[in-house]
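First up is the structure itself, then whatever we jot down about it.
The values are calculated or read from the model by the stated rules, or taken from the named source; none is laboratory data. Note that this is a predicted model, so its numbers are computed, not measured. All Cβ positions, glycine included, derive from the backbone under ideal geometry; neighbour counts span all protein chains shown.
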Amino acid sequence: ETQRQKSEHQYHIHVLRSVNIVFKTPRILWTVLLAGLMGFAFRSCFWLYEPYLKTVHIEVVWYGTVFFFFNGVAALSAKFITHRFNSYRRVLLGLGIILAASYLLPALFVYPWAIGIIASQQIVRGMYRPTLNAYINRQIDDQYRATVISIVSLSANLSYACLAPLVGTSLDTWGAIPTYVWMGTVTLGGILLLGLLRKIQRLRQPMEISPEEGPRLE
């Protein structure tokens, strides 16, 4: 196994230095915000499958086939599409747009065949995490990498834990289609804002320097 550089600091100092890197490295701070959005928007989609299948009158007997199809799309995406693009940032933004479309289009076309559109969420499932980790790995020194990835994961977990109850409340109050509409709108709006934020960051600091290692690539 490849030798990894270990931190020379005590654990609590190491964590504090990692948090400092997150806030001082624009790309990583952007990644934390992206993870917060995607953590909520993507993890919530699983709980919206069954309400939509009921809405379009797909019988329970077909649920296994539908989920088999979904898992197949995720596996093929992870196998054949991941890491085929040079710009991880653009891929991450593209996955966010795909996720937003997978909410909005099924709300517009409320038909059984719309599960084919919802299946595009599985492209996000297959590609998102490997792409996100690869993007982080290009920015952070080896000794801080695992901790920074954990901080990014924490952002996703916290956003989902705090905001997921809104999805359940929305389903109980308004039903599946309105929930799909606002979920898609929030996801699309968040991705567009993140794209704008990244442009602002690049204008302010064209050649970004990691606090630990120096210039990084997109």
List the residue pairs whose Cβ atoms are under 9 Å apart, where the first residue sits in the range 123-138 and is over 16 Å from residue 96 (Cβ atoms), the second is of a type in the set (A, V, I, L, M) and surrounded by fewer than 21 Cβ atoms within 10 Å (Cβ to Cβ), and the two are 6 or more positions apart or on different chains. 133/149; 136/149; 137/149; 138/217
If you scan the range 78-117, which residues turn out to be among the basic types (Lys, Arg) and surrounded by 17 or more Cβ atoms within 10 Å (Cβ to Cβ)? 89
Checking the structure you have, find out if any residue of the range 127-147 is within 21 Å of residue 16 (Cα to Cα), among the small types (Gly, Ala, Ser) and surrounded by fewer than 18 Cβ atoms within 10 Å (Cβ to Cβ). yes
One residue from 159, 170 being more than 17 Å from the chain's Cα centre (by Cα), closer than 17 Å to residue 46 by Cβ and at pLDDT 95 or above: 170
Which listed residue, of 151, 118, is modelled with pLDDT of 90 or more, over 11 Å from the mean Cα position of the chain (by Cα) and within 16 Å of residue 46 (Cα to Cα): 118
Answer with yes or no whether residue 53 is surrounded by 17 or more Cβ atoms within 10 Å (Cβ to Cβ), modelled with pLDDT of 95 or more, among the hydrophobic types (A, V, I, L, M, F, W, C) and farther than 27 Å from residue 172 by Cα. no
State which residue pairs qualify: first residue without any contact (Cβ under 8 Å) to a residue 60 or more places away in the chain and inside the range 71-89, second residue part of a loop (DSSP other than H, G, I, E, B) in any location, beta carbons under 7 Å apart, and separation of 6 or more residues or different chains. 73/119
